[in-house]
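The values are calculated or read from the model by the stated rules, or taken from the named source; none is laboratory data. This structure is a prediction, so every number in the text was calculated from the model and none was measured. Virtual Cβ from ideal backbone geometry, glycine too; neighbours counted across all protein chains shown. Surface accessibility is based on the protein's heavy atoms, side chains included, excluding ligands, DNA and RNA. Shrake-Rupley method; radii C 1.70, N 1.55, O 1.52, S 1.80 Å.
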Amino acid sequence: MTGCTILRVSPEELKQLCLSKPGAWPDEPWEGDTVAKVGPKIFAFLGESSVGVKCGRSRDEADEWLARYPDDASVMAYIGSSGWNTLRIGGAIPDDEIRDAVDASYDAVVSKLPKKHRP
């Protein structure tokens, strides 16, 4: 369709999505970096133009994002070996897939929490 505007998810909307999860809370463990946590664990790294999330149970699963979106997904520094990727906001990755990735990251982290820390 010509003349249509595609609305893109904003970093603020992603932050709101993360913090709307049961038991989620914001933290700034490093100066200027905001993360979303559930219990004591991080489930999303919130950047100005990206979000870092757990994209699978293994590096192989997370690598599927890299194959599908080579310009907009990258392995996260330091923790990428455990299935974490950085996903660029506003690029080729559809907004619903970014939202689904945030949901999956939250679910993966919650499932590994001791019962006393689960929401």
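A few points about this structure:
- Selection count, the range 95-119, where residues are outside any helix (DSSP H, G or I) and of a type outside the set (A, V, I, L, M, F, W, C): 3
- Arg99 being modelled with pLDDT under 90 and either touching a Phe, Trp or Tyr at 6+ places or on another chain (Cβ under 9 Å) or surrounded by fewer than 20 Cβ atoms within 10 Å (Cβ to Cβ) (or both): no
- Gly3 falls short of the stated requirement of being modelled with pLDDT under 90, within 13 Å of the chain's Cα centre (by Cα), part of a loop (DSSP other than H, G, I, E, B) and not acidic (Asp, Glu).
- Within the range 94-119, residues that are over 17 Å from Lys37 (Cβ atoms) have Cβ atoms under 6 Å from residues that are open to solvent by 50 Å² or more (accessible area, probe 1.4 Å) in no pair, counting only partners at least 6 apart in sequence or on another chain.
- When the range 73-83 is filtered for residues that are more than 18 Å from Glu48 (Cβ to Cβ) and open to solvent by 10 Å² or more (accessible area, probe 1.4 Å), the ones remaining, listed by number, are Val75, Tyr78, Ile79, Ser81, Ser82.
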